Amino acid sequence: MIYIRSLAYNIVFFTNLIALLIAATPTFFMRRHGIIYFAKLWGLSSQWWLEKICGTKVEFRGLEKLPKGGFLIGSKHQSTWETCRLMPIVPDPAFILKKELQYIPVFGWFTRVGEMIAVDRSTGAQAIPLMMQQARRAIDEGRQIIIFPEGTRRPVDAPPNYKFGIARIYDELKVPCVPVALNAGLFWPRRKFLRFPGKIIVEILDPIPAGLSPPDFLARLQNDIETATNRLVAEGRADPVYQASRR
């Protein structure tokens, strides 16, 4: 039954994405707020279908800790789930992403309209200054910059691999950074089509204030995220619904 439900969900997930991209076509000629509305709708509708088809619920903890205005979000990255589902929790999100993603037909075009922050690694030493310019503009406009500090999806229980890039951004922008822990990889595993029932938990942790040295900031960010993520993973594995699905 897990395989059937997972297959059904994946079909619905991509059908839903294509339908929303088509519906969002008029926003290509508007400012970013139109496409961000549809991006948030994608996240919310994807989760609605995930619960209805696969029995995978979600719980957000600590949303009241999110500051107002512009700030950084440093999130654990275990699956595609958080790529779409984190957007609706803040007013005006801006992801930092690889420039190559903007060359994907339709999807990539809309990341440009949504004014996402692209890192062009082909420019070598110029990549960071160009990315910083975009990030500074986003913060000045009161946006919330979402970063995955490990750079790519990491399997549950994989050793942490935090990059120094987020520390450089934090030091340059001088704004708070909100760590985010989660256990989504238990239910939406990396590079697998299976979707397991249970409850994804996302925890917004205490913001790290501006002003720490980059090494101290990175050490605190990793400790906060990893400690909370390990706790959430243990809680998810103890869920009777999840345990029953893995037998």
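May I ask for the distance between the Cα centers of region 76-116 and region 28-52, given as a whole number of Å?
11 Å
Pick out which of Ile145, Ile128, Ile117 has the largest mean-square fluctuation in a Gaussian network model of the chain, springs linking Cα atoms closer than 10 Å.
Of Ile145, Ile128, Ile117, the Gaussian network model singles out Ile128 as fluctuating most.
Which FRET efficiency value, to the nearest 0.05, is calculated for Ile22 and Asp216 with the Förster distance at 41 angstrom and r the Cβ-Cβ distance?
On the way: r = 47 Å, r/R0 = 1.15.
Once the sixth-power term is evaluated, E becomes 0.30.
Order by neighbour count: Tyr9, Tyr170, fewest other Cβ atoms within 10 Å first, most last.
In increasing order of surrounding Cβ atoms, one gets Tyr9, Tyr170.
Among DSSP bridges having both ends in region 2-245, what percentage is antiparallel? Round to the nearest 5.
In region 2-245, DSSP labels about 15 percent of beta bridges as antiparallel.
Anyone know which of Phe107, Phe29, Phe164 comes out most mobile in the 10 Å Cα GNM of the chain?
Phe29
Can you tell me, using C-alpha contacts under 8 Å and at least 6 residues apart, the relative contact order of region 2-245 as a whole percent?
26 percent
Highest GNM mean-square fluctuation, the chain, Cα pairs closer than 10 Å: which of Asp171, Asp157, Asp224?
Among Asp171, Asp157, Asp224, the largest GNM mean-square fluctuation belongs to Asp157.
What's the Cα-based Rg to Rh of the chain, Rh via Kirkwood?
Expressed as Rg/Rh, it is 0.96.
Coordinate-derived values only; no laboratory data. Every value quoted in this text rests on a predicted model; they were computed, and no experiment measured them. Using ideal geometry, Cβ is built from the backbone for each residue, glycine included, and neighbour counts are taken over all protein chains shown.
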